[in-house]
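The values are calculated or read from the model by the stated rules, or taken from the named source; none is laboratory data. Please read all numbers here as calculations on a predicted model, not as lab measurements. Backbone-built Cβ (ideal geometry, glycine too); neighbour counts: all protein chains shown. What goes into the accessible areas is simple: the full protein's heavy atoms, side chains included, and nothing from ligands, DNA or RNA. Shrake-Rupley method; radii C 1.70, N 1.55, O 1.52, S 1.80 Å.
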Amino acid sequence: MNQPAAPLSGRRAQAARNDETILAAAREVFVDDPSAPIAAVSQRAGVGISALYRRYPSKEDLLGKLCADGQRIYIAEAERALADEKNPWEAYASFLRRIVAADTHSLTVRLAGTFTPTQQHMDDADHMRRLGEQLFERTKAAGAIRPDITELDVGFLMELIAQTRLGDSQRTAELRQRFLGIILDGLRPGSTGVLPGRPPSWIEQLQRWTPTGSAGG
């Protein structure tokens with residue numbers, strides 16, 4: 001039998017709590033404004049700047065951690081959806097609802113280009129792409145998505161939803177799911193209209209991971 005994990009010592013438990021507080025504050029600060037200084041995170045978290053730097057030596061480290069967390073959530077949810085073989089459309093729609101609720105696009109593509117990605121970031125980004133494409137193509141092959149929609153079309157629509165902020169966090173979450181419901185209806189086959197313009201390309205998407213400037217301090 002697996003033995004229960006030993007409780008953390010007082011000092012380690014406090015460090016873990018500080019880390020959670022820092023990451024929550026960093027998420028709020030940098031999702032709102034990726035160019036914000038790291039001092040804004042320290043202030044929001046209510047911890048000293050020295051304590052923050054002991055955990056994350058630079059703003060790039062902190063941004064990279066947030067992005068990696070978002071990537072891991074997306075990958076886990078995509079794998080969960082692919083494991084559900086009962087109804088391709090329901091599995092896909094539920095997947096989109098979960099990643100909107102987790103705000104993965106704010107943590108990944110929103111922060112892309114604000115720090116220098118590691119090889120792990122790039123590997124995870126490629127894994128996300130492959131899983132997302134596999135899930136999308138399975139749903140499309142089942143005839144559940146209109147034929148002129150691409151997986152990247154959906155990705156950019158998720159980004160638009162992630163930009164929604166109105167009222168408190170509960171109201172924002174409610175509106176995001178509402179807007180997703182409208183988008184899900186628009187993805188279904190049956191429309192007689194033709195979408196204007198060309199769909200986004202993966203070349204355009206990958207260019208966004210190139211840092212546009214220093215992350216600052």
Note to self: Can you compute the charge dipole magnitude of the stretch 77-145 about its Cα centre, using +1 on each Lys and Arg Cβ and -1 on each Asp and Glu Cβ, nothing else charged? Give it in debye, rounded to the nearest 20.
What the structure shows: 200 debye
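Suppose R0 equals 45 Å; then what is the FRET efficiency for Gln120 and Gln43 from their Cβ-Cβ distance, rounded to the nearest 0.05?
On the way: r = 30 Å, r/R0 = 0.66.
Efficiency, from the Cβ-Cβ distance: 0.95.
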Next item on the list: With springs only between Cα atoms under 10 Å apart, run a GNM on the chain and tell me which of Glu60, Glu20, Glu28 wobbles the most.
Entry: Glu20
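Quantify, in whole percent, the carbon and sulfur part of the accessible surface of the chain (1.4 Å probe; protein heavy atoms only). Numbers along the way, then the final one.
Working: 6570 of 12430 Å².
That fraction is 53 percent.
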Checklist line | Length gained when the stretch Arg17-Glu90 is fully extended (0.36 nm per residue, less Cα-Cα span) | finding: 22.6 nm
Note to self: For a Förster distance of 41 Å, can you work out the FRET efficiency between the beta-carbons of Arg97 and Arg54, rounded to the nearest 0.05?
What the structure shows: 0.60
Check: Lys140: which lysines have alpha carbons under 24 Å from its alpha carbon, excluding same-chain residues fewer than 8 sequence positions away?
Finding: Lys86
Notebook entry, point to check: How much area per residue is accessible in the stretch 42-118 when the probe is 1.4 Å and only protein heavy atoms are counted (Å²)?
Noted result: 45 Å²
Next item on the list: With a length cut of 20 Å (Cα positions projected on each helix's long axis) and a Kyte-Doolittle mean of at least -1.0, go through the chain and give me the DSSP H helices that pass.
Entry: 10-32, 59-83, 88-102, 169-187
Next item on the list: Report, in whole Å, the centroid distance computed from the Cα atoms of the stretch 90-116 and the stretch 38-58.
Entry: 25 Å
